[in-house]
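Only one structure is covered here, and it is reproduced in the block below.
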Amino acid sequence: IDFGKISYDFLNSKTICLMNTSEIPMKFVLRVPQDGTLLNKEFQLIPPYGTVLPAGKQQITVDFISTNVKRYDYYLTVDVEGVGEGLLSIPIMAECQVPEVRLLADSLHYGECFMRYPYQQTLTLVNESDLKAKYEVVAQDEHSQAVASYEADAFKGAIQPYSQHEVSMAMVCEKLG
């Protein structure tokens, strides 16, 4: 199962087919042994267990959200109830990367402003990679809100590969000067 190059913290899905070539029903359990603890799983297998009838097939969806920037060389293990564990291992490969996002302009200039009146500017984020990217506008610290406050139309979002994304930034002055 080769996911190829993937972006950090995005859902990636692949579908495989589990076939029972025997003449009796096969009860299976799927797992990825290298996949973290119960609270920190990167792989979700749908369904994680079940029964495949003789000469039958079962579609398996492998959902993967990488939370580590690294090269993955894992494997999907198939345990067959009453027969044994790890009877089949299917390699899982991926390379998780974080695309670089840059600003089209490194600052926003609002000019002279009236107090307590909102002024709009657009912040343009640029993703020049072949992977999707995520962005987050950091919340303003409480101390600086005494001078001016800002709001974004979207504090979080995604930027498609080789594209730009605009975030509208509203600023309100709270103090003269």
- Message: Just the residues that are open to solvent by less than 50 Å² (accessible area, probe 1.4 Å) and closer than 23 Å to Asn20 by Cα, please, taken from the stretch 84-94.
- Response: Gly84, Gly86, Ile90, Ile92
- Note on the structure: Over the stretch 101-125, the set of residues surrounded by 13 or more Cβ atoms within 10 Å (Cβ to Cβ) and more than 16 Å from Met169 (Cα to Cα) is Val101
- Message: Please determine whether any residue of the stretch 162-172 is free of Cβ contacts under 8 Å to residues at least 24 places away in the same chain, part of a strand (DSSP E or B) and closer than 30 Å to Val69 by Cβ.
- Response: no
- Do we find that Val98 is more than 30 Å from Leu176 (Cβ to Cβ), open to solvent by 30 Å² or more (accessible area, probe 1.4 Å) and among the hydrophobic types (A, V, I, L, M, F, W, C) in this structure? yes
- Note on the structure: Asp73 fails exactly one of (1) of a type outside the set (A, V, I, L, M, F, W, C); (2) open to solvent by less than 40 Å² (accessible area, probe 1.4 Å); (3) part of a strand (DSSP E or B), namely (2)
- Message: Just the residues that are of a type in the set (S, T, N, Q) and either open to solvent by less than 80 Å² (accessible area, probe 1.4 Å) or touching a strand residue (DSSP E or B) at 6+ places or on another chain (Cβ under 7 Å) (or both), please, taken from the stretch 18-29.
- Response: Asn20, Ser22
- Query: Considering only residues of the stretch 30-67 that are over 23 Å from Asp9 (Cα atoms) and in contact with a Cys (Cβ under 8 Å, 6 or more places away or on another chain), which is least open to solvent (accessible area, probe 1.4 Å)?
  - Reply: Gln58
- Got a sec? Which of Lys14, Lys5 is in contact with a Ser or Thr (Cβ under 8 Å, 6 or more places away or on another chain), within 26 Å of Ala133 (Cα to Cα), surrounded by 11 or more Cβ atoms within 10 Å (Cβ to Cβ) and modelled with pLDDT of 95 or more? Lys14
- Inside the stretch 128-158, can you point out the residues that are part of a strand (DSSP E or B) and under 20 Å from Ser107 (Cβ atoms)? Tyr135, Glu136, Ala148, Ser149, Tyr150, Glu151, Ala152
- Can you tell me which of Glu136, Glu174, Glu81 is surrounded by fewer than 16 Cβ atoms within 10 Å (Cβ to Cβ), closer than 22 Å to Phe10 by Cβ and of a type outside the set (Ser, Thr, Tyr)? Glu136
- Could you tell me whether the stretch 115-125 includes any residue that is closer than 25 Å to Asn12 by Cα, assigned to a strand (DSSP E or B) and modelled with pLDDT of 95 or more? yes
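The values are calculated or read from the model by the stated rules, or taken from the named source; none is laboratory data. All values derive from a computational prediction rather than experimental measurement. We place every Cβ from the backbone using ideal geometry, glycine too, and count neighbours over all the protein chains shown. SASA here: full protein model, heavy atoms, side chains in, ligands and nucleic acids out. Shrake-Rupley method; radii C 1.70, N 1.55, O 1.52, S 1.80 Å.
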